[in-house]
Amino acid sequence: MTEALRDTGLRPFVIDIAQADLDDLAARLARTRLPRPAPGDDWDYGTPNSYLVEMVERWRTAFDWRAQEVRMNAFPHYLVEIDGQTVHFLHIPSQEAGATPLLMVHTYPGSFVDFLDMIGPLTDPVSHGGRAEDAFSVVVPSPPGFTFSTPVVDRGWTIARVARTYDALMRRLGYESYGVHGSDNGALVARELGLLDPPGFLGLHVLQLFSFPSGDPAEFEKLGPEDYAGLEHLKWFQSVGGYNTMNASRPQTVAVGLSDSPVGQLAYNELFNSFGNGTSLVTPEQILTQVSLYWLTNTSATAMRYYHEEARAGIEATVNAARTGVAVFADDFQTIRAFAERDNSNVVHWSRFDIGGHYAAMEQPAALVGDLRTFFAAG
């Protein structure tokens, strides 16, 4: 360890899962017992047996965890203690002078793996069709309770607390200014950073702003056909996204099944498949990598605990005034601009993409890289 790292409290980290844990996973997959299938064995009742049979066979016989470790370890990982909590993160400084520091905050379910395909184009744009001035220095943390940011030592890890922790991380790394990108839970953290508006904050770029009708009928006068389609998409999501309620009410109970059955973990993470609606572009290999990370780090309970904390945090609605950009992908949550601008007073960038969904970083990384370049170049 260099003296500079020691002074910041950073510890280099390498992912190296014990072979005994991989052998245990293989044995459990070989003993899989699926539930009796629902009539029709489709996605109407939840994750179908037909999908699970195919994915379990792939997991057992074709998926190569060690190859994924090599891919992950191609980037530098670190651990650091902040607010009494171990925080895992990737830090990839660009070699380009004047690169923009960028904090990237991932989804649930998801992990730092969400962004691996974007790191090269962001940090080394010249080698990926961009310009030197497009460069970012990238930091990708794991929220407390996700993957290697464990164990979680106390209660009260709300989204706002994560935002403060990430600001402390960026300062620890020596960045006096930075921007943030986030999706899903990551978008919530990004917005909290906007509310925090720390010194040198360059703005937030998100895939969603979770703004909903207030109950005022006059709000609907501003909506167009695209917005009403977005409301229909929201209605559909509420009909299938029951995990929000389960995670918010009894996360530890749900996690018992996910922590004892790798196939339970696979089935529960059906958001990777857009609940079977046929729009997801996330590959089986990407899904198995993410699910394997949750399983091998045994973090299903701590990752879902945020829903429980947020439901009890007594959060008051506050307008975000920080510079904000939104990228809406066709098969993701459809942020409705009129509602978003009510709750976020400085939306300066709005883009739409016809292809891609909730996991745009994995589905359409080049498009997302381009949008990040556009947003932060205009700041």
Please list, by residue number, everything in region 63-100 whose backbone N is under 17 Å from a paramagnetic label point 7 Å out along Cα→Cβ of residue 168. 79-89
Estimated FRET transfer efficiency (residue 24, residue 240; beta-carbon r; R0 45 Å; 0.05): 0.90
Viscosity 1.002 mPa s, temperature 20 °C: Stokes-Einstein D of region 263-379 from its Kirkwood Cα radius, in µm² per second? 129 µm²/s
Report the extension gain between residue 197 and residue 33 in nm, rounded to one decimal, defined as 0.36 nm multiplied by the number of residues separating them, less their alpha carbon distance. 54.1 nm
Tell me the accessible surface of residue 133 in square angstrom (1.4 angstrom probe, heavy atoms of protein chains only), to the nearest ten. 130 Å²
How large is the accessible surface per residue of region 56-210, computed with a 1.4 Å probe and reported in Å² as a whole number? 34 Å²
Taking only C-alpha pairs under 8 Å that are 6+ residues apart, what is the relative contact order of the chain in percent? 18 percent
Hey, can you find the accessible area per residue of region 277-345 for me, probe 1.4 Å, expressed in square angstrom? 37 Å²
Taking 0.36 nm per residue of separation and subtracting the Cα-Cα distance, what length does fully extending residue 249 through residue 57 add? 65.8 nm
Computed label-point distance, nm, for sites residue 232 and residue 352 using a 7 Å Cα→Cβ extension: 1.4 nm
Computed over region 12-60, Cα set: Rg, Dmax in Å: 15.0, 51
Long-range Cα-Cα pairs in the chain (distance over 39 Å), rounded percent: 14 percent
The chain, accessible surface, carbon-and-sulfur percent (1.4 angstrom probe): 52 percent
Pairwise FRET efficiency - residue 222 versus residue 260, Cβ, R0 = 41 Å, nearest 0.05: 0.25
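The values are calculated or read from the model by the stated rules, or taken from the named source; none is laboratory data. Values in this document were obtained by computation on a predicted structure and should not be read as measured data. Heads up, the Cβs are rebuilt from the backbone with ideal geometry, glycines too, and the neighbour counts pull from every protein chain shown. Each accessible area value is taken on the protein alone, full model and side chains, heavy atoms only, with ligands, DNA and RNA left out. Shrake-Rupley method; radii C 1.70, N 1.55, O 1.52, S 1.80 Å.
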